[in-house]
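Novice: Let me give you the structure first, and then I'll get to my questions.
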Amino acid sequence: MFVVRESLAERNTKLLQFLTSSDIRIHRLMFTVRYWAKLRRVAGCGGRLTSYALTLLVVYYLQTVSDPLIPSVDAMSQLAGALSWHATVYHVFNFYAQKQLLLSAQ
């Protein structure tokens, strides 16, 4: 039997892909921040912020606003500790589904 385990980097990539695909506003904000940082020469090579660092800053911001678009790391880790990875992803997906219902009702 051959078991392949995902590395932390692979899981992180999948999580970021899921987050950016779950709500178009998240993707647009990340793109806009990265573009702004590039124009302002805040991002790039030579001791500047990386695209990944900017993405994490946007994720943190979206987790800490008064009406968060992304569940907090604490909430996700509590789910992960109590549930399997697939169940955690399911609950995170439901979080976004509820957000979309609230937005479409407005």
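Novice: Count charges around residue 17 for me, please; just the other residues with Cβ under 11 Å from its Cβ, Lys/Arg as +1, Asp/Glu as -1.
Specialist: +1
Novice: Moving on. May I ask for the net charge around residue 30, where only other residues with Cβ less than 13 Å from the Cβ of residue 30 are counted and Lys, Arg are +1 while Asp, Glu are -1?
Specialist: +3
Novice: Please report the net charge: other residues with Cβ closer than 13 Å to the Cβ of residue 50, K and R +1, D and E -1.
Specialist: Spelling it out: positives minus negatives among the neighbours equals +3.
Every number here is computed from the coordinates shown, using simple stated rules; none is lab data. As the structure is a prediction and not an experimental result, all values here were calculated from the model. Positions of Cβ are backbone-derived with ideal geometry, glycine not excepted, and every protein chain shown enters the neighbour counts.
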